[in-house]
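Colleague: Got a structure for you, questions after.
The values are calculated or read from the model by the stated rules, or taken from the named source; none is laboratory data. From a predicted model like this one, the values you see are computed outputs, not experimental measurements. Note that we place each Cβ from the backbone using ideal geometry, even for glycine, and neighbour counts take in every protein chain shown. Only protein heavy atoms, including side chains, enter the accessible area calculation; ligands, DNA and RNA are left aside. Shrake-Rupley method; radii C 1.70, N 1.55, O 1.52, S 1.80 Å.
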Protein chains: 2
Amino acid sequence: MKNNGYDAWLRYDKVKDDGLASQYREWTAEIVASEAAVEGPVASAIKELQLALPRLIGQTPKLVEEKAASKRFLAIGTLNSFSYVEEAVQGPIAALNDDEGYLLKTITAADCSYLVVTGKTERAVLYGVFHLLRLMAQGESIQSLQLAEQPKYRLRMINHWDNMDGSIERGYAGRSIFYRNNELLVDSPRIVDYARLMASIGINGIAINNVNVHRAETFLITDKLLPQVAQFAAIFRSYGIKLFLSVNYAATIELGEVDTADPLDPRVQEWWKQKAEQIYSVIPDFGGFVVKADSENRPGPFTYNRDHADGANMLGEALKPYGGLVLWRCFVYDCHQDWRDRSTDRARAAYDHFKPLDGRFLDNVILQIKNGPMDFQVREPVSPLFGAMPNTNAVMEFQITQEYTGQQRHVCFLIPQWKEVLEFDTKVKGDGSTVKEIAAGSIHPYAHSGITAVTNVGDDDNWTGHHLAQANLYGYGRLLWNPELSSEQIAEEWVRITFPDSDAVQQLLVKFLLESWSIYESYTSPLGVGWMVTPHYHYGPDIDGYEYSKWGTYHFADHKGIGVNRTVASGTGYTSQYEPEHAARYESLETCPDELLLFFHHVPYTHVLHSGKTVIQHIYDTHFAGVERVEYWIERWKELAGEVDEQRFAHISGRLQEQLENSKEWRDIVNTYFFRKSGIADEKGRTIY
Amino acid sequence: MKNNGYDAWLRYDKVKDDGLASQYREWTAEIVASEAAVEGPVASAIKELQLALPRLIGQTPKLVEEKAASKRFLAIGTLNSFSYVEEAVQGPIAALNDDEGYLLKTITAADCSYLVVTGKTERAVLYGVFHLLRLMAQGESIQSLQLAEQPKYRLRMINHWDNMDGSIERGYAGRSIFYRNNELLVDSPRIVDYARLMASIGINGIAINNVNVHRAETFLITDKLLPQVAQFAAIFRSYGIKLFLSVNYAATIELGEVDTADPLDPRVQEWWKQKAEQIYSVIPDFGGFVVKADSENRPGPFTYNRDHADGANMLGEALKPYGGLVLWRCFVYDCHQDWRDRSTDRARAAYDHFKPLDGRFLDNVILQIKNGPMDFQVREPVSPLFGAMPNTNAVMEFQITQEYTGQQRHVCFLIPQWKEVLEFDTKVKGDGSTVKEIAAGSIHPYAHSGITAVTNVGDDDNWTGHHLAQANLYGYGRLLWNPELSSEQIAEEWVRITFPDSDAVQQLLVKFLLESWSIYESYTSPLGVGWMVTPHYHYGPDIDGYEYSKWGTYHFADHKGIGVNRTVASGTGYTSQYEPEHAARYESLETCPDELLLFFHHVPYTHVLHSGKTVIQHIYDTHFAGVERVEYWIERWKELAGEVDEQRFAHISGRLQEQLENSKEWRDIVNTYFFRKSGIADEKGRTIY
């Protein structure tokens, strides 16, 4: 067994419990699968079983097409594919009406028993098989199963910010798995393994290139590179995943084919229509385009005095005949702001730009909205745009790659953060209008909806740099399938199938994961103020790094206080973008939650929080405490020497040490900055420089 | 005439005064030069005359070897080369005992008159010819000359920080003129023109590669690249310039030839001896090595528990048989300092490291000491190391490239800064122990001494990015020849030979140059505190950019005050590195000069300067004033439209506009930072954010 992390959560470690192992052996000695020979998700499912079962239980399954010889066996296929399946499906099962829902059911018949994995589509069956394997990897009995599941979200996407030169924007785990030196790595065996990992957590769409589309990537939609893109698409297809591409809004110009990118110019419209036809001729199930336009110096419809609806619909029209989608990012703001101007508020930008366009977008256009109004900070309020456009499809965009959350050198398990966002009740249609339900299309009847995220993988052996960062990727997929899973459940599940079967290891790693977001927040950015990081790199403290910049990201700290006044009463008025209940809560110092206080208010350092502490003492206390918690982690981790394979033990030890050293820098720099600025001493007299 | 600046100060614009032009024509119609045919500096001088005279006066000189036919002519040659020269040299002329001194003398004989340019060596003659041409370019009469000059400094060097990939560390004028894609540009016609420019200002040594010697450049001293280096050396040789190379102290290891770089290891010593033999076999007049060792992560003798004398002497031994020199940089400090530690002081480092080694260095080893103790800031005290080692050769290192002084986008004429350094009376041997005299070897009897500097040229058309930055390069050479020249004289001379013959243009440009250092200082870093720039780039304000870094460059600003306490009484004790008179002056708040106050003392913002202003009001006032002065400049420059060729007028207009915009950023960010931190309002109520 490799311990370099390459197998991630598909390790399929040998089942240690003899009773369970023999149970699994009985049920899986023979597999009936009529669709196994075909190239497709069922074939992939069978391959996965053939790879997993020898590892789990030391037994290679025998594959039969119609009828098993054994008394117990596994039967796998789509609905109506053969009689075992038909027998298993009795009465209405909601999950089986869903394209992706599956049923795992043990049937005891007169002469034999069999375990059926079925669903409406091949990929549903594949998901079912991964579920079954997950049960085994966790040591669950499969003796009498009756499990029907379907995903909460229709679109469960991954965005890659990979560039064709092999670099990854905001990548912290090596180079791209897709590209090297402007070539596509079509022969890389990693791609299949990557598709397996993604399918195993239910991902059904992947955009394989950076939303910042530079010159080389503009050619992905041309004759030159489309054949190779199609090879990637074929691999993903066999795992039930649609391939998407990020496109350059000015591709017409960049490729020298039309001298404008004006969405209302008939030549531009025609060009994209032909482009869509060309793409679909080689990738018939192509997912569609992801577009970053008029954002951070990318071209877009604004250049031609058109709005985003004009821009997005033009692409939507082109893709419509083929069922393709346009994912139009709402990360649009003035990135040439004057820091002197306190009235302009970047947090307002997405809502101000897009809300007035509600209803103007085509049915196959989806707005892609970041979870917060700024940019994936460790703490932000939920974007007020989400749910605010009842007549416009939307997906929520999370960030799995830890750009502002420790760059995969610090542990920061993000599921709790995402769950907070999903559970946020926007109130847009009264109580219960949670982000979770909006993204599911249950509040507004969206034609398309779901969740997407920027991924954290690269070509590091273990995919994610930090072994524990794999948990974010795993958890992302699991959460999209079932947002009712708790952070703890997800953490436990991931640890169980990824790490050795040791209670001590599992308990400690779950503890690390669950505490990690709060710890990272505690020694970095206090009370929702955000930023305070080294410009461009976004790693390491630089309190004034963005303070006098053009990026709209300020804390306004002076000798008296800190924070951004976003109230209606005296600030930028951003609070008014929320429904009245939230608007009022954020507007008032009395009700604004502590953790977002400095996002919404500029207050004196002596302001007393709901916690009873002053702002300045909160800063000092959390920064000291954060480091202490990392120190405590390291002590606890050391106790596990010998319980975890050496390779991963050493890797995690090294990263924890790095996290400790870095957290001390954060602590001392943040504390010193505010002590020097405020002149207020730490109540506890600890060392500040 | 090209107006892109390529000709720099060797423009040789047509002489407008008809009387002068005909005078010049008379004296230069015929040139007697016995050494003109040989390849060497005299031949180069003749070539220069042949290029310059047609431009200046529309007449190509006739070259004869022995005897002129005309009644007036020019006679050029080394001492004793022919009879005209011998006749000109009557009695003892000090300059002619110097290898580089020259005589320009008009002789009136019975049947003819002639103007002699002579000197002991060919390069002395070349310098004399450049002097003559400079006189003509300035419109001076040459009717009755008697001018004998010799340079103040023996070593008059230029350091290039050019890398073989074509980049230039701290270069602001394009790419390298020597390298591209790891190849040497031996066929580039620029090299000859560059040698002409350098010879015209008396430069006699050039190190052609970066002191940070990376892998590719390590090969410059190997078979692979030495033949091409020799081609560069040949070009420079014909202009009287010796070629130097920066070497990798760990070349033995990097080239895989010896597994150590320990200077006391006989294999290492032998390797360098053979290396020297090899180099001198192809470049017989090779100048020597420039070495940055044990500095900013470069390898050095410390790795082997040897000291800098061990390290430098090992190289010195190798070069000694050939007369080669080792220029050993003293820019050695802890670049992994803990910002929390206020007792360590980077300013102390060079003195602390090197002073104890006085007397231990070989005769052909020269310490290369930066002008200040930090790193080429807009304002620093003079390095206390200079003059402190009576038994160790030293050169002063200046920085022509405007790393911390506006990066050739802002005008910053550095001659006044360098003159302040040169005029600084160290008192090491009582009154009159100026840096100027120490560098000349007049205070301590150095075997070798002089001045070197990091240059500001690249492959931009005009060599230096900003046209006006040429004045720094020109002035550097002129100052090294004759440090008694005033900044104003140098500025006037440069403007006269570089810009149109218009009083308005010349007066304004001289004014710009002379004011520029003070203006740049006024809107950037106050009272000698330094730094406060964007890390790595060193351009643009970032007040805390280096405050919490490992670089030893702090201002320690808090809500009460700012500055670095370097006193003996309560600080780092740096002041004690100076002779008692200076030590006492810097130590005391009463006598420390305002412009260096924050370099030596941490004071409250309310501290009253000798100027009568508080520190905080000084910060506000200078920052507002600096921008106003740039605005005034722009108004004045506009008045010159039509007086300067369009190309240079537009270029300078553009740069001034950029300077204005950038100076506003400096002003507002610096003022806002200190206002927010101190809470003290501007007395004049101007806008601070």
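Colleague: How many residues are at the interface with chain A (Cβ under 8 Å from one of its Cβ atoms), open to solvent by 50 Å² or more (accessible area, probe 1.4 Å) and over 20 Å from residue B:525 (Cβ atoms) if we restrict to region B:669-689?
Modeller: The total comes to 0.
Colleague: Does region B:521-546 hold any residues that are in contact with a His (Cβ under 9 Å, 6 or more places away or on another chain), more than 10 Å from chain A (Cβ to nearest Cβ) and of a type in the set (A, V, I, L, M, F, W, C), and which are they?
Modeller: Within region B:521-546, B:527, B:529, B:531, B:532 qualify.
Colleague: Report, by residue number, each residue of region B:118-146 that is free of Cβ contacts under 8 Å to residues at least 60 places away in the same chain and in contact with a helix residue (DSSP H, G or I) (Cβ under 7 Å, 6 or more places away or on another chain).
Modeller: B:118, B:119, B:120 - these are the residues of region B:118-146 that are free of Cβ contacts under 8 Å to residues at least 60 places away in the same chain and in contact with a helix residue (DSSP H, G or I) (Cβ under 7 Å, 6 or more places away or on another chain).
Colleague: Which of the residues spanning region B:552-566 are under 27 Å from residue B:659 (Cβ atoms) and more than 14 Å from chain A (Cβ to nearest Cβ)?
Modeller: If the condition is that a residue be under 27 Å from residue B:659 (Cβ atoms) and more than 14 Å from chain A (Cβ to nearest Cβ), then B:553 is the only one that fits.
Colleague: To continue, here is another question. Within region B:652-667, how many residues turn out to be within 14 Å of chain A (Cβ to nearest Cβ) and free of Cβ contacts under 8 Å to residues at least 40 places away in the same chain?
Modeller: Total satisfying the criteria: 2.
Colleague: Looking at region A:286-303, can you tell me whether even one residue there is over 30 Å from residue A:337 (Cα atoms), free of Cβ contacts under 8 Å to residues at least 24 places away in the same chain and not small (Gly, Ala, Ser)?
Modeller: Applying the first criterion (over 30 Å from residue A:337 (Cα atoms)) to region A:286-303 yields A:286-288.
Adding the requirement that they be free of Cβ contacts under 8 Å to residues at least 24 places away in the same chain leaves none.
Within region A:286-303 (the criterion being over 30 Å from residue A:337 (Cα atoms), free of Cβ contacts under 8 Å to residues at least 24 places away in the same chain and not small (Gly, Ala, Ser)), the answer is no, since none of the residues qualifies.
Colleague: If we only count helices (runs of 4 or more DSSP H) wholly inside region B:582-689, which ones have 2 or more residues that are of a type in the set (Gly, Ala, Ser)?
Modeller: Qualifying helices (runs of 4 or more DSSP H): B:615-638, B:646-678.
Colleague: Same structure, new question: Run residue B:174 past the list (1) out of contact with any strand residue (DSSP E or B) (no Cβ under 9 Å at 6 or more places or on another chain); (2) part of a loop (DSSP other than H, G, I, E, B) and report the number of the one that doesn't hold.
Modeller: Result: residue B:174 fails condition (1) only.
Colleague: Does any residue in region B:1-24 that is under 13 Å from residue B:52 (Cβ atoms) come within less than 7 Å, Cβ to Cβ, of a residue that is outside any loop (DSSP other than H, G, I, E, B) and open to solvent by 50 Å² or more (accessible area, probe 1.4 Å) six or more places away or on a different chain, and which pairs are these?
Modeller: Once the first residue is under 13 Å from residue B:52 (Cβ atoms) and sits in region B:1-24, its partners that are outside any loop (DSSP other than H, G, I, E, B) and open to solvent by 50 Å² or more (accessible area, probe 1.4 Å) give B:12/B:55; B:14/B:55.
Colleague: While we're on this one: Only one residue in A:549, A:576, A:518 is within 14 Å of chain B (Cβ to nearest Cβ) and surrounded by fewer than 23 Cβ atoms within 10 Å (Cβ to Cβ). Which one? Break it down into steps so the answer makes sense when it comes.
Modeller: On the way: A:576 fails: within 14 Å of chain B (Cβ to nearest Cβ); A:518 fails: within 14 Å of chain B (Cβ to nearest Cβ).
None of the others qualify; the one that does is A:549.
Colleague: Hey, another quick one. From A:147, A:96, A:135, which residue is in a helix (DSSP H, G or I), closer than 19 Å to residue A:484 by Cβ and either open to solvent by 20 Å² or more (accessible area, probe 1.4 Å) or in contact with a Lys or Arg (Cβ under 9 Å, 6 or more places away or on another chain) (or both)? Before you say what the answer is, go through the steps one by one.
Modeller: On the way: A:147 fails: in a helix (DSSP H, G or I); A:96 fails: closer than 19 Å to residue A:484 by Cβ.
The unique qualifying residue is A:135.
Colleague: Mind listing whichever residues of region A:199-244 are within 15 Å of residue A:162 (Cβ to Cβ) and small (Gly, Ala, Ser)?
Modeller: A:207, A:216
Colleague: For region B:198-224, how many residues are of a type outside the set (Val, Ile, Thr), under 26 Å from residue B:41 (Cβ atoms) and not in a strand (DSSP E or B)? Spell out the reasoning first.
Modeller: Of all residues in region B:198-224, those of a type outside the set (Val, Ile, Thr) come to B:198-200, B:202, B:204-205, B:207, B:209-210, B:212, B:214-217, B:219-220, B:223-224.
When the remaining residues are screened for being under 26 Å from residue B:41 (Cβ atoms), the result is B:198-200, B:202, B:204-205, B:207, B:209, B:220.
With the extra rule that they be not in a strand (DSSP E or B), the set shrinks to B:198-200, B:202, B:204, B:209, B:220.
Number of matching residues: 7.
Colleague: Check whether at least one residue in region B:328-336 is over 30 Å from the mean Cα position of the chain (by Cα), within 14 Å of chain A (Cβ to nearest Cβ), in contact (Cβ under 8 Å) with a residue 24 or more places away in the chain and closer than 30 Å to residue B:380 by Cα, and report yes or no. Spell out the reasoning first.
Modeller: As a first pass, look at region B:328-336 and keep what is over 30 Å from the mean Cα position of the chain (by Cα): none.
Looking for residues that are over 30 Å from the mean Cα position of the chain (by Cα), within 14 Å of chain A (Cβ to nearest Cβ), in contact (Cβ under 8 Å) with a residue 24 or more places away in the chain and closer than 30 Å to residue B:380 by Cα, one finds none in region B:328-336, hence no.
Colleague: Additional query: What is the residue count in region A:653-668 for residues that are out of contact with any helix residue (DSSP H, G or I) (no Cβ under 6 Å at 6 or more places or on another chain) and surrounded by 15 or more Cβ atoms within 10 Å (Cβ to Cβ)? Working first, answer last.
Modeller: Going through region A:653-668, the residues out of contact with any helix residue (DSSP H, G or I) (no Cβ under 6 Å at 6 or more places or on another chain) turn out to be A:653-655, A:657-658, A:661-662, A:665, A:668.
Then keep just the ones that are surrounded by 15 or more Cβ atoms within 10 Å (Cβ to Cβ); that gives A:653, A:655, A:662, A:665, A:668.
Selection size over region A:653-668: 5.
Colleague: Any residue in region A:63-81 that's assigned to a loop (DSSP other than H, G, I, E, B): show its pairings with residues that are at pLDDT 85 or above and open to solvent by 40 Å² or more (accessible area, probe 1.4 Å) at Cβ separation under 6 Å, as long as the two are six or more apart or on different chains.
Modeller: A:79/A:120
Colleague: Here's something else I'd like to know. So for region B:54-75 (the condition being on the phi < 0 side of the Ramachandran plot and within 30 Å of the chain's Cα centre (by Cα)), does at least one residue qualify? Steps first, please.
Modeller: To start, the set of residues in region B:54-75 that are on the phi < 0 side of the Ramachandran plot comprises B:54-57, B:59-75.
From what's left, within 30 Å of the chain's Cα centre (by Cα): B:55-56.
Among the residues of region B:54-75, at least one is on the phi < 0 side of the Ramachandran plot and within 30 Å of the chain's Cα centre (by Cα), which makes the answer yes.
Colleague: Go through region B:487-543 and count every residue that is closer than 30 Å to residue B:557 by Cβ, in a helix (DSSP H, G or I) and under 20 Å from the mean Cα position of the chain (by Cα).
Modeller: 6
Colleague: Same structure again: What about residue B:634, is it out of contact with any His (no Cβ under 9 Å at 6 or more places or on another chain), within 12 Å of chain A (Cβ to nearest Cβ) and modelled with pLDDT of 95 or more?
Modeller: Numbers: out of contact with any His (no Cβ under 9 Å at 6 or more places or on another chain): yes; within 12 Å of chain A (Cβ to nearest Cβ): no; modelled with pLDDT of 95 or more: yes.
The answer is no for residue B:634.
Colleague: Under 9 Å by Cβ, and 6 or more places apart or on different chains, what pairs join a residue from region B:506-518 that is more than 16 Å from residue B:414 (Cβ to Cβ) with one that is open to solvent by 10 Å² or more (accessible area, probe 1.4 Å) and part of a helix (DSSP H, G or I)?
Modeller: Matching pairs, first to second residue: B:506/B:492; B:506/B:496; B:508/B:636; B:511/B:636.
Colleague: Next question. Give region B:414-462 a look and list any residue that's closer than 20 Å to residue B:474 by Cβ, open to solvent by 30 Å² or more (accessible area, probe 1.4 Å) and part of a loop (DSSP other than H, G, I, E, B), or say none.
Modeller: Correct list: B:459, B:460, B:461.
Colleague: Which pairs do you get when a residue that is farther than 24 Å from residue A:588 by Cα and open to solvent by 30 Å² or more (accessible area, probe 1.4 Å), found in region A:607-632, comes within reach of a residue that is β-branched (Val, Ile, Thr) and part of a helix (DSSP H, G or I), reach meaning Cβ atoms under 6 angstrom, with the pair 6+ apart or on two chains?
Modeller: Cβ pairs passing all conditions: A:629/A:519.
Colleague: Inspect all residues belonging to region B:556-563 and state whether any of them is assigned to a helix (DSSP H, G or I), of a type in the set (A, V, I, L, M, F, W, C), out of contact with any His (no Cβ under 8 Å at 6 or more places or on another chain) and open to solvent by less than 20 Å² (accessible area, probe 1.4 Å).
Modeller: no
Colleague: Assess whether residue A:258 counts as being over 21 Å from residue A:161 (Cβ atoms), in a loop (DSSP other than H, G, I, E, B) and out of contact with any strand residue (DSSP E or B) (no Cβ under 6 Å at 6 or more places or on another chain). Show your work before the answer.
Modeller: Details: over 21 Å from residue A:161 (Cβ atoms): yes; in a loop (DSSP other than H, G, I, E, B): yes; out of contact with any strand residue (DSSP E or B) (no Cβ under 6 Å at 6 or more places or on another chain): yes.
Answer is yes for this residue.
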